[in-house]
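Worksheet: one structure, shown below.
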Amino acid sequence: MSNSKLATYTAISPNRNAPRNHKIDTISIHCMAAQWTAKQCANYFSHSDAQASSNYCVGHDGSIALSVPESDRSWCSSSPSNDHRAITIEVASDNKSPYAVTAEAYNALIALLADICKRNGIKKLVWKSNKADRLNRTGGANMTVHKDFANKACPGEWLYSRMGQIAKE
């Protein structure tokens, strides 16, 4: 299992389980609620007291960092079973609703998703607007969000309203 060559910075988080116990077949996109660089996000996750992590961080400037190797489960979506099957991605965003992301972050996210899907044999991303469909993987749904598993705003309305478009791109 390989990691994305698009990541230009690596800070491996101790907040992970190695190895994951499920094949990668899902993508979970999250918002940072901070306009950080990928390096800032990965450095935050690199401390054990964070008690959180993601596989990748996408910065406001389009930078990408690896925080948890794809072979391992991140602690990202409040659901161990989801995190064991998903590549989790934190995307820099505003710190208040609608948690907008920059064009640079959005474009880097799309490039990263294409790379992840290609390397992991995910033929296409399928977003379902109904939570039950996402959780039950109805109709091939393979995208989840943090608020599916916890009372959170994540990934914020800005990204959430674009999930269908993100899947198409």
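The values are calculated or read from the model by the stated rules, or taken from the named source; none is laboratory data. None of the values given here were measured: they were computed from a predicted structure. Glycine gets a Cβ as well: all are built from the backbone with ideal geometry, and neighbour counts include every protein chain shown. Ligands, DNA and RNA are excluded from the accessible area calculation, which covers all protein heavy atoms including side chains. Shrake-Rupley method; radii C 1.70, N 1.55, O 1.52, S 1.80 Å.
Would you pick out the residues in the stretch 12-48 that are among the aliphatic types (A, V, I, L, M) and surrounded by fewer than 20 Cβ atoms within 10 Å (Cβ to Cβ)?
Those that are among the aliphatic types (A, V, I, L, M) and surrounded by fewer than 20 Cβ atoms within 10 Å (Cβ to Cβ): Ile12, Ala18, Ala33, Ala34.
Name the single residue, out of those in the stretch 108-148 being open to solvent by less than 40 Å² (accessible area, probe 1.4 Å) and in a loop (DSSP other than H, G, I, E, B), that is farthest from Ser161 (Cα to Cα).
Ranking the candidates gives Ile122 first.
Specify the residue that is farthest from Ala108 (Cα to Cα); the eligible residues are those in the stretch 36-62 that are touching a Cys at 6+ places or on another chain (Cβ under 8 Å) and among the hydroxyl-bearing types (Ser, Thr, Tyr).
Only one residue fits best here, namely Ser53.
Within the stretch 83-107, can you find the residues that are among the hydrophobic types (A, V, I, L, M, F, W, C) and open to solvent by 10 Å² or more (accessible area, probe 1.4 Å)?
Ala100, Val101, Ala103
Spot the failing condition for Gln51; the list is (1) more than 22 Å from Asp115 (Cα to Cα); (2) open to solvent by less than 70 Å² (accessible area, probe 1.4 Å), and only one is missed.
Against the list (1) more than 22 Å from Asp115 (Cα to Cα); (2) open to solvent by less than 70 Å² (accessible area, probe 1.4 Å), Gln51 comes up short only on (2).
Return yes or no: is His60 farther than 22 Å from Phe149 by Cα, touching a helix residue (DSSP H, G or I) at 6+ places or on another chain (Cβ under 6 Å), open to solvent by 10 Å² or more (accessible area, probe 1.4 Å) and not in a strand (DSSP E or B)?
Considered against the rule, which asks whether it is farther than 22 Å from Phe149 by Cα, touching a helix residue (DSSP H, G or I) at 6+ places or on another chain (Cβ under 6 Å), open to solvent by 10 Å² or more (accessible area, probe 1.4 Å) and not in a strand (DSSP E or B), His60 comes out as yes.
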